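Report on one structure; see the data block that follows.
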Amino acid sequence: MKNRVLVTGGAGYIGSHTVVELMQTGYEVVIVDNLSNSDISVIDGIEQIVGKRPDFVNVDCQDYVSFENVIKKYDDLCAAIHFAASKAVGESVEKPLLYYRNNITSLLNLLEIMQNHGIHNIVFSSSCTVYGQPSDENLPVTEKAPRLEALSPYGNTKHICEDIICDQSRANSSFKAILLRYFNPIGAHPSALIGELPNGVPNNLLPFVTQTAAGLRSELKVFGDDYNTPDGSCIRDYIYVVDLAKAHVAALERMLKVDSEPVEVFNLGTGKGLSVLEIVRGFEQATGVKLPYRIVGRREGDIEKVWADPTKANTVLHWKAETPTDQILLSAWRWQQHLMSKANKQ
Ligand code: NAD
Ligand code: WQD
């Protein structure tokens, strides 16, 4: 039986955690990653956790010939999980062509290679960004909520990639896809051997929180306390990256083992919204570390509040995000401490 999964972007944050879960479930893996936003040491971390090294190839998915040459070497591929993409929202506004080229070309190449080599199943990393700011009656957000016009080129690539996959499915009866719309992934593996590696000054909340707690940043700026939310700060659905990784295994097994619809969409979130200030307090309570913060003005383009209705994933994928918030925040802190001790040794 074909038992190997192609994981593009498998050296990245969500990809590496997913590779661990896949291997621990018994799948073979081949990672294709150009290390544009990750480090080769991640593969060592995976090996240490799993006790086995995944196959890894440093190739850019935009390079069709090199990408196809990797796939030609494997005759046991049953599916692809496609994480490889550029993901910084702000950068995508400044460099839209880079984002369109990378995110769309990489997907087109992958789909063409899959078609040419009889690989019929794909799990695609989409995002809650496709919902924009849902209206109050659409909160929590189900998969039936309308996709709103994207607020950034990055967000637009997720719209376009979802559409490309749907079109490819209409044209090929054997092709199956699951689109996973992640909410806000946070935290790190409990081993603290893999986690998020932000590039430069973090844009996302949790890496900024842990870097501030570690003294690398003087204070966290909380972007706005005048929103229409209970404490005035923005609300998100923060999902533990290990729970998220497990959802990929559930999605894969559904495609491989169940006579499911050709394209299915799932929201991956906890179903619970937390405000920025709740995260700040939760972090202090979970870790016992004081977090210097200051309320500043709103960040341009921020959504006020969004959280998932994960009922479909809970019932159809038999998957649930269950890790308590304090455990998740502690895992992020332990990962930050691991990074610091590694930096001190160098
Ligand atoms: P990440 O940057 O940590 O991982 C992406 C990986 O893909 C990196 O290792 C990078 O080197 C690699 N990569 C990028 N372009 C490539 C290319 N052309 N060829 C080969 N490798 C390439 O990001 P992540 O947070 O793990 O996100 C993974 C996926 O999930 C992305 O598609 C992202 O858009 C999506 N997503 C992320 C979030 C989030 O908040 N992290 C939320 C929703 C969706
Ligand atoms: C979370 C909250 C900020 C930093 C982004 C992408 C989205 C998706 C997930 C990929 C917001 C506040 C943050 C800080 C703060 N990614 N904040 N001070 O904006 O929900 O979504 O990541 O698909 O597309 O846009 O995540 O972590 O940046 O912010 O107050 O220093 O934390 O205002 O309310 P966001 P985030």
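Measuring from centroid to centroid over Cα atoms, what is the spacing of the stretch 181-220 and the stretch 237-289 in Å?
Answer, in whole Å: 16.
Going through the cross-link list 73/342; 95/345; 144/257; 72/312, which pairs have a Cα-Cα distance over 32 Å in this structure?
Correct reply: 73/342; 95/345; 72/312.
Check which residues have an amide H placed less than 5 Å from residue 295's amide H, if you skip close sequence neighbours.
222
In sequence order, what are the phi-derived ³J(HN,Hα) couplings for the stretch 169-181 according to the Karplus relation 6.51 cos²θ - 1.76 cosθ + 1.60 with θ = phi - 60°, rounded to whole Hz, with x for glycine and proline?
Rounded to whole hertz, the list is 5, 4, 8, 9, 5, 8, 8, 10, 9, 10, 9, 9, 9.
Step through the table entries 52/87; 87/320; 221/290, compare each Cα-Cα distance with 19 Å, and write down the pairs that go over it.
Details: 52/87 29 Å; 87/320 25 Å; 221/290 14 Å.
Checking Cα-Cα distances, 52/87; 87/320 exceed 19 Å.
Using the Cβ atoms and a cut-off under 12 Å, what net charge is assigned to the surroundings of residue 222, where Lys and Arg are +1 and Asp and Glu are -1? Don't jump to the answer; show the numbers that get you there.
Values: positive: 221, 281, 294, 298, 299; negative: 219, 225, 226, 231, 278, 302.
Once all neighbours under 12 Å are counted, the net charge is -1.
Taking H placed 1.01 Å from N in the peptide plane, check which residues at least 5 places from residue 81 or on another chain put their amide H under 5 Å from its amide H.
6, 7, 8, 123
Three principal axis extents, largest first, for the C-alpha atoms of the chain, in Å?
Projected onto the principal axes, the Cα atoms of the chain cover 54, 51, 39 Å.
So what are the ³J(HN,Hα) numbers for the stretch 131-140, from phi and the Karplus equation (6.51, -1.76, 1.60; θ = phi - 60°), rounded to whole Hz, Gly and Pro as x?
Listing the rounded values in order: 8, x, 8, x, 5, 4, 6, 9, 10, x Hz.
I'd like the projected area of the stretch 210-275, averaged over all directions, using the convex hull of its alpha carbons. Report it in nm² with one decimal.
7.0
Counting Lys and Arg as +1 and Asp and Glu as -1, what is the net charge of the other residues whose Cβ lies under 14 Å from the Cβ of residue 287?
So the surrounding residues net to +1.
Using a 10 Å cut-off around each Cβ, can you sort 161, 166 from fewest to most neighbouring Cβ atoms?
166, 161
Taken together, the values in this text are just the output of simple stated rules run on the coordinates, not laboratory data. Model, not experiment: these values are computed from the prediction. In this analysis, Cβ positions are derived from the backbone assuming ideal geometry, glycine residues included, and neighbour counts consider all displayed protein chains.
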